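Written out below as structure tokens is the structure these notes cover.
The values are calculated or read from the model by the stated rules, or taken from the named source; none is laboratory data. Source: prediction; values computed, not measured. Cβ placement follows ideal geometry from the backbone for every residue including glycine, while neighbour counts extend to all protein chains displayed.
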Amino acid sequence: MRDLSNFKGCPAPEPITLKGRFVTVEPFVREQHLQALWDGLGGMGINPLLRYFAQPDFAGIEDFSNWLQSVAKSGWLTHIFCDNAGKIVGMANYMRADPANGVIEVGGVAHGADMKRSPLSTEVHYLMAKHVFETLGYRRYEWKCDNLNEASKTTAARYGFTFEGVFRQHMISKGHNRDTAWFSMIDSEWPALNAAFEAWLSPENFDTDGKQKRRLEDIRAEVSKERAE
């Protein structure tokens, strides 16, 4: 457990560029990225993709742009994901930062079609978590989603977030009740999580067709077992 007797809080998050082997995370700039992000998320196909987001469906790219501007005003830091070819394939936000207590959330996560069944999604969330724990020094990193969003809950568990429970009637989303599932990872867990991410992302873990040899969950269980012995 971390000694908090001299803990003086953490710096507030700022826009950051994080480069990986497969993908780069970089700050969203409307003039540079809006159209490409809209296209990368499927154009008008964005509404089914963002089915569990709380805001109303978008009527077009201007609605999407206005929403991005509104969440930025509330403190969200939108970052886009670019693959090695430079194509924008998704986004996520650092949000609800509490620097005094060292707590921050990743949310507004949207993976475009090009991120499916690829290492890109794993690497972007590894890069974002690593920045939170190792550069900014946060104690807790949160992931929350609509409790009906089984894909998001499965993804959070795969990355190593721990399920903490469901906040019933947490909010109204698109005119309906939303129960919210809460997940987190904490700083004492990060060394093992980091080791598992790095082992999974290493070139040795992929065959010539780019398929994983070992699952992230299996590597993490092995790393945790070794550290407990």
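General remarks:
- Annotation: of all residues in region 7-16 being surrounded by 12 or more Cβ atoms within 10 Å (Cβ to Cβ) and in contact with a Pro (Cβ under 9 Å, 6 or more places away or on another chain), the one that is farthest from Tyr126 (Cα to Cα) is Gly9.
- Within region 132-173, considering residues that are over 22 Å from Tyr52 (Cα atoms), out of contact with any strand residue (DSSP E or B) (no Cβ under 9 Å at 6 or more places or on another chain) and not hydroxyl-bearing (Ser, Thr, Tyr), the one surrounded by the fewest Cβ atoms within 10 Å (Cβ to Cβ): Glu134
- Total residues in region 124-155, condition out of contact with any Ser or Thr (no Cβ under 8 Å at 6 or more places or on another chain), part of a loop (DSSP other than H, G, I, E, B) and more than 20 Å from Ala12 (Cα to Cα): 2
- Evaluated against (1) aliphatic (A, V, I, L, M); (2) surrounded by 17 or more Cβ atoms within 10 Å (Cβ to Cβ); (3) closer than 25 Å to His176 by Cα; (4) in contact (Cβ under 8 Å) with a residue 60 or more places away in the chain, Ala129 falls short on exactly one condition, (3).
- Summed over region 32-90, the residues that are assigned to a strand (DSSP E or B) and of a type in the set (A, V, I, L, M) give a count of 4.
- For the residues Ala85, Ala100, the requirement of being over 22 Å from Ser184 (Cα atoms) and exposed (fewer than 15 other Cβ atoms within 10 Å of the Cβ) singles out Ala85.
- Residue in region 110-123 that is closer than 23 Å to Cys10 by Cα and not charged (D, E, K, R) present: no
- So Val124, is it at pLDDT 95 or above and either out of contact with any strand residue (DSSP E or B) (no Cβ under 8 Å at 6 or more places or on another chain) or surrounded by 21 or more Cβ atoms within 10 Å (Cβ to Cβ) (or both): yes
- Restricting attention to region 156-171, the residues that are touching a residue at least 60 places away in the same chain (Cβ under 8 Å) and in a strand (DSSP E or B) total 1.
- Checked against (1) buried (at least 16 other Cβ atoms within 10 Å of the Cβ); (2) modelled with pLDDT under 95; (3) farther than 30 Å from Lys211 by Cβ, Leu4 passes all but a single condition, namely (1).
- If you filter region 196-225 down to residues that are acidic (Asp, Glu) and within 22 Å of the chain's Cα centre (by Cα), you find that the one that is farthest from Thr155 (Cα to Cα) is Glu198.
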